[in-house]
Every structure is written in structure tokens, then in C-alpha cells.
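For reference, the structure discussed in these notes is given below.
Taken together, the values in this text are just the output of simple stated rules run on the coordinates, not laboratory data. Just so you know, these numbers come straight off a predicted model, no measurement behind them. Ideal geometry is used to build each Cβ from the backbone, glycine not excepted, and the neighbour counts take in all protein chains shown.
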Amino acid sequence: MEVNNEEITPSAEYLKGYNEGYLISKYIPSFSKSAISEKGTSERSKGFYGGVMEYELEKKMAKSFPYLSREDAPSKEDYYKDRGDIDKE
């Protein structure tokens, strides 16, 4: 990884591993669980681990805060429907 002006730029190998870890976690969860226990020290391995962890975090967040998902989010009309009542009083 390279750091420029306090911005971290991951290497191509890290990104490749990250994307692989994320996608494998999403579509083949049993594989990623077993593969993550064998994490190595290469950039690609670190990226794989990061991708798996990101997907796991997103799954937990979706379960913890289901109202934040786009499908369940209230419409803008629902959010603002009662705001007009305050101004009328």
C-alpha cells in the first residue's frame, strides 16, 4: 500500500484479493469461512481477509438496521407528511 498526503492507495494485489474475498463471501459463504482461517501475509491475502470482513460487517449491519436498506426505507412523503402540521398551528 502507498500513502500519499494522508490518503492510502491499496496495491493492485490487495484490491484483487479484497474483491475475491468479498464475492466469495457473498456467493460461497462456506468457502470463505474455511479460507479465512488460513490467512497469510501477502497483500492479496490481506485483501482477501479485508473483503470477507467487509461483507460480514455489511450482513450484520443489514440485520441490525433493516430500516436502512433501500427496500424498507420510508418514502420522502412519509418522512415529511407530518411536518406541515407544525406550521399550521
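Residues whose amide H comes within less than 5 Å of that of SER11, counting only those at least five positions distant or on another chain, are GLU2 (H built at 1.01 Å from N in the peptide plane).
Cβ neighbours within 10 Å, averaged per peptide: list 17-23, 40-46, 55-61, 6-12 in order, most packed at the top.
Working: 17-23: 19.6, 40-46: 14.7, 55-61: 13.1, 6-12: 10.0.
Going by the mean number of other Cβ atoms within 10 Å, highest first, we get 17-23, 40-46, 55-61, 6-12.
What the phi angles of region 40-57 give under the Karplus curve with 6.51, -1.76 and 1.60, with θ = phi - 60°, is a coupling list of x, 10, 6, 4, 5, 5, 5, x, 4, 4, x, x, 5, 5, 4, 5, 4, 5 Hz, glycine and proline written as x.
Spacing of the modelled spin labels on LEU57 and LYS16, each 7 Å from Cα toward Cβ, amounts to 2.4 nm.
The Cβ shell under 12 Å around LEU23 holds other residues with a net charge of 0, Lys and Arg each +1, Asp and Glu each -1.
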